[in-house]
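Where a number appears in this text, it was derived from the coordinates with a stated rule and is not lab data. Since we're looking at a predicted model, the values are computed, not measured. Here the Cβ is made from the backbone with ideal geometry for all residues, glycine too, and neighbour counts use every protein chain on show.
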Ligand SMILES: CC(C)(COP(=O)(O)OP(=O)(O)OC[C@H]1O[C@@H](n2cnc3c(N)ncnc32)[C@H](O)[C@@H]1OP(=O)(O)O)[C@@H](O)C(=O)NCCC(=O)NCCS
């Protein structure tokens, strides 16, 4: 059951949170996370620093959410995740609160939508819905029932379609990931 008045606060992620967030993601997802489709879209790309959030309580990291820039067809979109909460702190509303704050911040940006690969019964609580099969194509094998989206601009998901690609390369260390978004010739 969620606390009536949460003792934890949500704040922007800071550089010094990085190591703890990595440790939390390692605990929550294990090394297998790097093999997932979503990670192909993160390789060599920095997350949106303005949207990285942590939940802290008494100076202790309780949870974290990050968002990555992606392209869906030729539209700018965000990929939600990783979202993780310390195992002994789950069920307190931290995950939902992190996502709600992130979505609120993302609405003030020029991104059209947020996509994620995850469990519909959880993410439906913050407004995500399953996309029609085949509408967007992630790199690698993905269960279509787990491709969820949320419009940041009215009706964005009704028109968005195509391949999901990395939005850019910030750190060119990997040549085997998803193809880069190719801008149309001027
Ligand atoms: C998923 C996760 C972030 C949820 O964090 P949390 O802080 O416990 O979530 P909240 O407290 O906001 O919400 C808990 C509610 O969501 C439900 N829930 C949690 N994970 C769920 C899932 N995968 N599917 C359906 N419901 C889920 C809980 O049963 C609980 O329901 P209740 O409110 O009816 O009791 C956390 O369990 C976690 O870190 N898991 C490991 C990493 C992971 O799977 N991340 C998500 C994929 S990116």
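Miscellaneous remarks
- Degrees between helix 18-29 axis and first principal axis of the chain (Cα, 0 to 90, nearest 10): 80
- For the range 71-171, taking the reciprocal of the average inverse distance between every pair of different Cα atoms yields a Kirkwood hydrodynamic radius of 14.3 Å.
- Ascending count of other beta-carbon atoms within 10 Å, so fewest first, for 46, 71, 99: 46, 71, 99
- Size check on the chain: the Cα extents along the three principal axes, sorted descending, read 52, 36, 29 Å.
- Note on residue 11 and residue 33: the extension gain reaches 5.4 nm, defined as 0.36 nm multiplied by sequence separation minus the Cα-Cα distance.
- Value of [θ]222 nm, deg cm²/dmol, for the chain, DSSP H segments ≥ 4, -39500 (n - 2.57) each, nearest 500: -5500 deg cm²/dmol
- Taking a ≥ b ≥ c as the square roots of the eigenvalues of the alpha-carbon gyration tensor, the range 1-93 is classed prolate because a/c is 1.5 or more and a/b outweighs b/c.
- Three-way shape label, the range 95-137, alpha-carbon gyration tensor, a/c 1.5: oblate
- Ranked by how many other Cβ atoms sit within 10 Å of their own Cβ, fewest first, the residues 20, 115, 61 fall in the order 20, 61, 115.
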